[in-house]
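**Q** Mind looking over this structure? Questions follow.
The values are calculated or read from the model by the stated rules, or taken from the named source; none is laboratory data. Just so it is clear, the structure is predicted and the values come from calculations on it, not from any experiment. Here the Cβ positions follow ideal geometry from the backbone for every residue, glycine too, while neighbour counts run over all protein chains shown. Surface accessibility is based on the protein's heavy atoms, side chains included, excluding ligands, DNA and RNA. Shrake-Rupley method; radii C 1.70, N 1.55, O 1.52, S 1.80 Å.
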Amino acid sequence: MLRSALHLATFGVRQTQVTSSSPRLPSILQNNLQNTKYLQVARDYAKGKDKKKEKGGKGKPGKVEINEQQLREILNFDGLNSQMQKSVMQMKEDFVKHLSLRSTSGAIDTLRIKVDGQEHELQELAQISRKNPKTIIVNMIGFPQTIPDVLKAIEKSGMNLNPQQDGTTLFIPIPKVTKEHRENLSKNAKALFVKYRDAIRGVQNEQIRKLKKQPELGKDDAFAAQAQVTAIADRFISEADKLLASKQKELLGD
């Protein structure tokens, strides 16, 4: 009996005077002890949850509802969506053009070449043909001065191409579909995702800077608007992330 009472004291249970005249008392004490343990664990768990809420970083943030009407009154809502959507669509287009398992002359045709600060498609600067199913020929005789720019663009295209130059002509072998080639394309897909994700975040941050410069907005309204802009960016990034997962699955053959 004394040992049971000491256990109860350890768990913060008020001790009561006990006599040996109650034969059922030991089992009651045992039940109370189990209940006390359960309540103590539950209480500690609840305190832990409260601490997470107080710290504000460990708990999962609640979903932010987009109030389109409110945002339209203080910012260019359509323009914001259009800019972010453009990044997602451009990423999707780049995936199709530059990250196929077998590079095609069509992807080479529309490769963007930066010359003297301006962008041109390769087909505007060269004659492109296929010598055979395994080799693409790029004839640069019309604009030979742009060959270094073309080589640089091909290197950064993510298509894993290794052109061979012979005078004003580039011979581009189409790489075999090896495991290494698949993995390289998958890495390039991730690099493109990061590029367009950062572009979306850039639009988000620019819009938040504009909101902070609107003195007529109350503090609470400004904070709510910023949270909504961030939620819109998160939505587009999530869409881009799904496209990335799908493309990597295709490239890796999973």
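**Q** How far apart, in nm, are two points set 7 Å out from the Cα along the Cα-to-Cβ line at residue 143 and at residue 162?
**A** My value for the distance between the label points is 2.8 nm.
**Q** How much length would be gained if the chain were fully extended between residue 68 and residue 216, taking 0.36 nm per residue of separation minus their Cα-Cα distance, in nm to one decimal?
**A** On the way: separation 148, 0.36 × 148 = 53.28 nm, distance 1.91 nm.
Result for the pair: 51.4 nm of gain on full extension.
**Q** Rounded, prolate or oblate, given the Cα gyration tensor of the stretch 81-201, with a/c below 1.5 counting as rounded? Write out the running numbers ahead of the final one.
**A** Working: a/c = 2.26, a/b = 1.35, b/c = 1.68.
Oblate is the answer for the stretch 81-201, as a/c is 1.5 or above yet b/c matches or exceeds a/b.
**Q** Compute the distance in nm between two label points, each set 7 Å from the Cα along the Cα-to-Cβ direction, one at residue 239 and one at residue 112.
**A** Result for the modelled spin labels: 1.9 nm.
**Q** Carbon and sulfur: what percent of the stretch 102-173's accessible surface (1.4 Å probe)? Numbers along the way, then the final one.
**A** On the way: 1930 of 4160 Å².
Its accessible area is 46 percent carbon and sulfur atoms.
**Q** Please list, in order along the stretch 227-240, the HN-Hα scalar couplings obtained from phi with the Karplus expression 6.51 cos²θ - 1.76 cosθ + 1.60 (θ = phi - 60°), rounded to whole Hz, x for Gly and Pro.
**A** 5, 5, 4, 5, 5, 5, 4, 4, 5, 5, 5, 5, 5, 5
**Q** For the stretch 133-219, what class follows from the C-alpha gyration tensor (a ≥ b ≥ c being the square roots of its eigenvalues): rounded when a/c is under 1.5, otherwise prolate if a/b is larger than b/c, else oblate? Provide the component values of the computation, followed by the final result.
**A** Working: a/c = 6.39, a/b = 2.15, b/c = 2.97.
Oblate is the answer for the stretch 133-219, as a/c is 1.5 or above yet b/c matches or exceeds a/b.
**Q** Still on this structure, I have one more. Measuring with a 1.4 Å probe in the full set of protein chains, what accessible area per residue, in whole Å², belongs to the stretch 102-173? Walk me through the numbers before you get to the answer.
**A** Details: 4160 Å² over 72 residues.
For the stretch 102-173, the per-residue accessible area is 58 Å².
**Q** Let me ask another. If the only charges are +1 at each Lys and Arg Cβ and -1 at each Asp and Glu Cβ, what is the size of the charge dipole of the stretch 119-208 around the Cα centre, to the nearest 20 debye? Kindly include the intermediate steps, with their values, before the conclusion.
**A** Details: 13 positive and 10 negative charges, 113 e Å.
Here the size comes out at about 540 debye.
**Q** Also: Can you give me the Rg/Rh ratio for the stretch 102-173, using Cα atoms for both radii and the Kirkwood formula for Rh? If you can, show how the numbers build up before the last one.
**A** Details: Rg = 10.9 Å, Rh = 12.0 Å.
Taking Rg over the Kirkwood Rh, I get 0.91.
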